[in-house]
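Heads up, the thing below is written out as structure tokens.
Rule-based calculations on the coordinates, nothing more; no lab input. Keep in mind it's a predicted model, so treat the numbers as computed, not measured. In this analysis, Cβ positions are derived from the backbone assuming ideal geometry, glycine residues included, and neighbour counts consider all displayed protein chains.
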Amino acid sequence: MIIKVFRSYLKRIFDGLFKKKANIKLGLYGSPNAGKSTLANRITKDWLGQEMSVVSNIPHETRDINLKEGVEIRKGGKKLTFNLVDTPGIATKIDYEDFLKFKLNSKEAKQRAKEATKGVIESIKWLDNMDCVLFVLDSTANPYSQINITLIGNLAARNIPVLIAANKTDLKKSNIKKIEAAFPQYKVIGISAERGDNIEELYDALFKVLK
């Protein structure tokens, strides 16, 4: 009887481990317009032949959690399977007046601000579900922002593995070294999600982070 119970216990443990491994969640996090959705589309187009997110120059285009299951990367005989989560950009303040600059009317701007605020809250809640975070930073912007520092602190507190994608390296103001200096505890890969520059190195790094 004891042996039977013990075997049942072990089975539950192994089943739980297998289930967790088979449902790895890789979250794309960062500030609005850092290029998270562009990178999400690059990854899913490369490996699934389809895009998963809408991209726009207007901030907070992604205002809901966007999940694509069963993304499978194959390199050098190795396989990596995960569920990709494109999250709304995190901001400390969302003002509807900022959207008026993009030719949205007052009603549209207020609605987007409301949805964007809700999206930020959802992004933070989903941190507890992440097995790894691909932190997307605009390499032309100052990495020492309040959002970046706070988000990195939250990830560290949760002991979530992090890989930093320094995006927009195709632009002249790109400065990867500044990002490396700001967050020396994490691997930084410079990429252009839009053009696909250095994306293979990013995939190689994912295998090491999601081992």
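Counting only DSSP beta bridges with both residues in the stretch 77-211, the antiparallel share comes to about 10 percent. Note on the chain: GNM, Cα springs under 10 Å; of Gly89, Gly76, Gly196, the largest mean-square fluctuation is that of Gly76. Gain on full extension, evaluated as 0.36 nm per residue between Glu51 and Ser145 minus their Cα-Cα distance, stands at 30.9 nm. When the trypsin sites (Lys or Arg not before Pro) in the stretch 31-122 are filtered for DSSP coil states and for at most 15 other beta-carbon atoms within 10 Å of their beta-carbon, the remaining sites are Lys93, Lys101, Lys103. The chymotrypsin sites (Phe, Trp or Tyr not before Pro) of the stretch 106-211 that meet both conditions, a loop assignment by DSSP and at most 12 other Cβ atoms within 10 Å of the site Cβ, are Tyr144.
Put in line by how crowded their Cβ is, counting other Cβ atoms within 10 Å and starting with the fewest, Leu134, Leu26, Leu127 read Leu127, Leu26, Leu134. Normalising by the residue count of the chain, find the relative contact order in percent from Cα pairs under 8 Å and 6+ residues apart. Computed value for the chain: 20 percent relative contact order. Distance from the C-alpha centroid of the stretch 81-98 to that of the stretch 133-157: 13 Å, rounded to the whole angstrom.
Here the residues Asp86, Asp131, ranked from fewest to most Cβ neighbours within 10 Å of their Cβ, fall in the order Asp131, Asp86. Estimated from helices alone, the mean residue ellipticity of the chain at 222 nm is -13500 deg cm²/dmol (sum of -39500 (n - 2.57) over DSSP H runs with n ≥ 4, per residue). In the chain, the longest principal axis of the Cα atoms and the axis of helix 106-126 are about 30 degrees apart. Listed cross-link partners Lys187/Lys211; Lys25/Lys93; Lys93/Lys118; Lys36/Lys125; Lys93/Lys178 are compared with a 20 Å cut-off, the Cα-Cα value being larger for Lys25/Lys93; Lys93/Lys178. With a Förster radius of 30 Å applied to the C-beta separation of Asn154 and Asn175, the computed FRET efficiency comes to 0.80.
The angle between the Cα long axis of helix 36-48 and the main principal axis of the chain comes to about 50°, on a 0 to 90 degree scale.
For the chain, the longest principal axis of the C-alpha atoms and the axis of helix 146-157 are separated by about 10°. Scan (i) 44, 23, 14; (ii) 32, 21, 17; (iii) 30, 28, 15 for the value of semi-axes √(5λ) of the Cα gyration tensor in Å calculated from this model and give just the label. Checked against the structure: label (ii).
Of the residues Leu39, Leu67, Leu84, the one that moves most in a GNM of the chain with alpha-carbon contacts below 10 Å is Leu67.
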